[in-house]
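This report refers to the structure that appears directly beneath it.
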Amino acid sequence: MGLHHPTSPIIRLKCMELFHADPRDILMKRLKLPPWLVLLMPAIIILSAVVLIPLLLSLYSSFTSYRLTRPDSLFNWIGTFNYEKAVTDAKFWAAFGRTVLLLAVALNLEMLLGLSLALMISKVTRGQRALRTMMMFPMMFSPILVGFQFKFIFNDNVGLVNNALQSLGVTDTAIPWLVDGKLAMFSIIFAEVWTSTSVFGILILAGLYAIPRDPLEAAKVDGCTPFQSFRFVTLPFLMPFIYIAMAIRSLDVARAYDIVQIMTNGGPARRTELLWTLIGRTGYVDARMGYANAMGYVSIFLAIFFTIYFFKKLQSARKELGMGV
Amino acid sequence: MAQVHLRDVVKKYGTLEVVHSINLDIADGEFVVLVGPSGCGKSTTLRMVAGLEGISGGEVAIGDQVVNDLPPRERNISMVFQNYALYPHMTVRENLGFSLKIAKYSQPDIDKSVDEAAQILSLTPLLDRKPGALSGGQRQRVAMGRAIVRHPEVFLFDEPLSNLDAKLRTQMRVEIKKLHQKLKSTIIYVTHDQVEAMTLADRIVIMRDGHIEQVGTPLEVFENPVNTFVGTFIGSPPMNLLDGVIKDDAITFQDGSSLPIPPGYDLQEGQAVTFGVRADNIMPVGHALPSGDHMAEVEMTVDLTEPLGTETLLFAALAGTEVQAKMLNPRPVQSGERMIFQVMLDKCHLFDAETGATLRK
């Protein structure tokens with residue numbers, strides 16, 4: 001019997017050792033990894049698989065002429081060509097501008113409407129719970145369905161709005177809500193505001209509940225009219241809540257896609273094209289994924305900018321109230 | 001400055017009446033303290049004067065004007081709240097000047113008034129801080145400063161010292177008193193602390209369950225309580241109460257022991273009474289104040305002592321009921337020690353056993 005016979009005691013020992021080996025032993029002792037790295041390994045593996053690798057891959061692909069229809073083009077490095085093309089493309093900047101416009105108009109409208117809704121509901125003494133629940137109804141529908149619903153409401157032939165306007169005798173023409181460029185943008189903003197005003201409503205209502213009663217009474221005694229109490233006491237207390245809502249909603253609106261896609265599909269003639277409908281179309285319809293990824297990376301800055309902006313505002317509003325940072 | 005009149009003032013929440021037809025006249029420049037246990041309606045009454053609560057019945061007048069239907073801002077009052085109620089987003093200076101800014105005073109006028117108020121309350125070094133960076137006592141001073149900048153006709157204080165620690169409370173009490181002497185304005189002050197009431201008030205209004213029990217100067221309500229409630233509420237420790245019956249010109253207690261009837265009462269044989277005596281008026285022989293004409297001696301066993309430094313409280317059983325007695329110039333006392341006590345009868349009270357009302361002629 002030779003030394004390397006399978007039943008030789010030494011080999012049997014080795015096998016047993018491997019079989020019983022603790023994975024920690026393999027990583028720490030055999031690979032000489034420091035303990036902190038070993039402990040972080042599960043998190044690192046999961047994050048890499050879910051976030052890091054896709055992110056790096058998409059970043060890489062934005063430097064290639066990658067087309068979904070030609071997988072081998074993933075290896076065709078073209079440097080910053082996609083980025084140069086994006087920042088010199090009028091269509092891209094038009095979509096960018098439109099997204100900013102939608103953001104500005106929708107967010108401010110939602111804030112004002114949400115604030116008024118919250119103020120009114122906070123004054124209601126009976127049935128406040130029911131009203132609060134009803135206020136949140138629009139949030140319960142998928143944006144896709146909201147898109148379909150408003151597509152019907154604003155339809156120029158069978159739509160609810162035209163029907164109502166004509167029956168009331170306001171107009172006898174069929175107003176092309178979704179066909180005219182400006183009206184289409186208006187219709188989209190309308191739908192967006194309808195779905196999401198309650199986000200502001202509910203957050204501001206929470207803010208209203210959190211306001212201490214004493215300063216408001218002090219303001220009354222100090223001679224404030226109801227409007228002045230609101231302006232000088234209530235509103236400063238609400239600002240942190242408003243900025244939180246703004247930060248959440250700016251991320252939401254900056255990635256707006258579904259409602260627009262359903263209602264106008266970016267049309268007519270790209271008049272309602274937003275960043276992500278443009279990017280989606282470029283990536284999946286035109287199959288130019290490399291270019292779409294490049295535009296995506298530029299667009300991300302918009303979202304990051306607004307988030308940082310509103311968080312800065314939030315911090316300073318909290319500091320105003322002496323709430324710390 | 002102005003008088004304040006409350007005539008048959010009622011407050012109802014739905015069908016629940018919490019303040020029952022209160023009448024009170026407060027003179028110009030007077031410092032009146034509303035005192036009572038929580039839920040007695042004192043804060044509600046103050047808030048009705050302020051205009052923060054609606055008035056369900058009767059009339060509130062400030063000066064010559066009935067203010068029932070005026071909003072707070074038209075009543076020319078200012079109020080200091082228990083929780084300070086400062087505007088957290090404004091600096092001390094802005095807090096102080098806010099009411100003047102609302103009243104559209106010019107900036108130099110506002111600055112002048114704010115500086116003056118800050119001077120009075122020693123807030124000058126804190127003017128640029130926000131309330132969050134102030135201690136409790138400082139916040140309370142800012143709240144008071146906010147009240148005085150406007151030179152209102154009436155100041156309303158709603159338990160302003162309850163959130164401060166004991167030492168600060170004593171300090172602020174003195175400051176409030178000084179402030180009143182300086183401003184000579186009408187003040188209505190609500191508290192549940194009878195010590196605050198006694199030390200601050202020109203007149204005390206003692207309230208219970210939405211009724212006024214007694215109105216009087218601190219000494220009046222202390223020396224002549226109209227009923228057992230006032231007797232036990234005003235003064236510390238609370239007045240000792242013992243149930244007894246008038247028999248053979250003496251008060252006979254349940255255990256058969258008896259005490260002579262204090263002077264100034266007209267009683268019938270067999271009448272059920274409550275005998276009231278403060279700890280200050282039961283003292284061990286040799287530790288009592290120079291004895292008056294009406295003295296009675298009782299022997300009691302001391303169960304427990306509470307040394308307070310200048311005096312010691314003694315807990316003992318008198319006629320089967322635990323009472324508190326006081327020893328001045330204290331010496332150490334063992335529990336279980338039997339001592340002879342003097343009861344100063346002319347300082348004792350007799351109340352109707354059923355209604356609790358005083359039987360004094």
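Annotations for the structure displayed:
- Just one of (1) within 29 Å of B:D266 (Cβ to Cβ); (2) open to solvent by less than 30 Å² (accessible area, probe 1.4 Å) fails for B:L314. It is (1).
- Options B:G286, B:G292; residue that is open to solvent by 50 Å² or more (accessible area, probe 1.4 Å) and modelled with pLDDT under 90: B:G286
- When A:I300 is tested against the conditions (1) surrounded by fewer than 17 Cβ atoms within 10 Å (Cβ to Cβ); (2) within 14 Å of another protein chain (Cβ to nearest Cβ); (3) in a helix (DSSP H, G or I), the lone failure is (2).
- Of B:V18, B:V32, all but one fail to be in contact (Cβ under 8 Å) with a residue 60 or more places away in the chain, part of a strand (DSSP E or B), open to solvent by 10 Å² or more (accessible area, probe 1.4 Å) and touching a strand residue (DSSP E or B) at 6+ places or on another chain (Cβ under 6 Å); the exception is B:V18.
- The stretch A:28-38: number of residues that are in a helix (DSSP H, G or I) and loosely packed, with under 12 Cβ neighbours inside 10 Å: 4
- The criterion of at least 3 residues that are touching a helix residue (DSSP H, G or I) at 6+ places or on another chain (Cβ under 7 Å), buried (at least 21 other Cβ atoms within 10 Å of the Cβ) and within 14 Å of another protein chain (Cβ to nearest Cβ) is met, among helices (runs of 4 or more DSSP H) falling completely within the stretch A:199-295, by A:213-221, A:235-254.
- Test result for B:G235, modelled with pLDDT under 85 and at positive phi: no
- Meets criteria (surrounded by 20 or more Cβ atoms within 10 Å (Cβ to Cβ) and modelled with pLDDT under 90) for A:A174: no
- Residue match in the stretch B:117-131 (condition: at positive phi and at pLDDT below 90): yes
- Within the stretch B:67-84, the set of residues being more than 11 Å from every other protein chain (Cβ to nearest Cβ) and either in contact (Cβ under 8 Å) with a residue 40 or more places away in the chain or buried (at least 17 other Cβ atoms within 10 Å of the Cβ) (or both) comprises B:V67 only.
- Against the test of being open to solvent by 10 Å² or more (accessible area, probe 1.4 Å), closer than 25 Å to B:R360 by Cα and touching a helix residue (DSSP H, G or I) at 6+ places or on another chain (Cβ under 7 Å), the options B:Q324, B:Q254 yield a single qualifying residue, B:Q324.
- Consider the stretch B:121-151 and keep the residues that are within 14 Å of chain A (Cβ to nearest Cβ) and among the charged types (D, E, K, R). The one that is nearest to B:I77 (Cα to Cα) is B:R150.
- Output for the stretch A:100-144, where each listed residue is closer than 13 Å to A:G201 by Cα, of a type in the set (S, T, N, Q) and open to solvent by 60 Å² or more (accessible area, probe 1.4 Å): A:N108, A:T133
- Candidates A:L131, A:L107: the one that is in contact (Cβ under 8 Å) with a residue 40 or more places away in the chain and not charged (D, E, K, R) is A:L107.
- Among the residues of the stretch B:187-243, the ones that are crowded, with 22+ Cβ neighbours inside 10 Å, more than 26 Å from B:A50 (Cα to Cα) and β-branched (V, I, T) come to 3 in all.
- Residues within the stretch B:144-171 that are surrounded by 21 or more Cβ atoms within 10 Å (Cβ to Cβ) and of a type in the set (G, A, S), tallied: 2
- Flag if B:R141 is surrounded by 20 or more Cβ atoms within 10 Å (Cβ to Cβ) and within 18 Å of B:E175 (Cα to Cα): yes
- Test: B:Y87 is free of Cβ contacts under 8 Å to residues at least 60 places away in the same chain, within 7 Å of another protein chain (Cβ to nearest Cβ) and part of a loop (DSSP other than H, G, I, E, B): yes
- Residue match in the stretch B:340-359 (condition: without any contact (Cβ under 8 Å) to a residue 40 or more places away in the chain and either in a strand (DSSP E or B) or touching a Leu at 6+ places or on another chain (Cβ under 8 Å) (or both)): no
The values are calculated or read from the model by the stated rules, or taken from the named source; none is laboratory data. Quick caveat, the model's predicted, so the values are computed rather than measured. FYI the Cβ positions are ideal-geometry reconstructions off the backbone, even for glycines, and counts take in every protein chain you see. Only protein heavy atoms, including side chains, enter the accessible area calculation; ligands, DNA and RNA are left aside. Shrake-Rupley method; radii C 1.70, N 1.55, O 1.52, S 1.80 Å.
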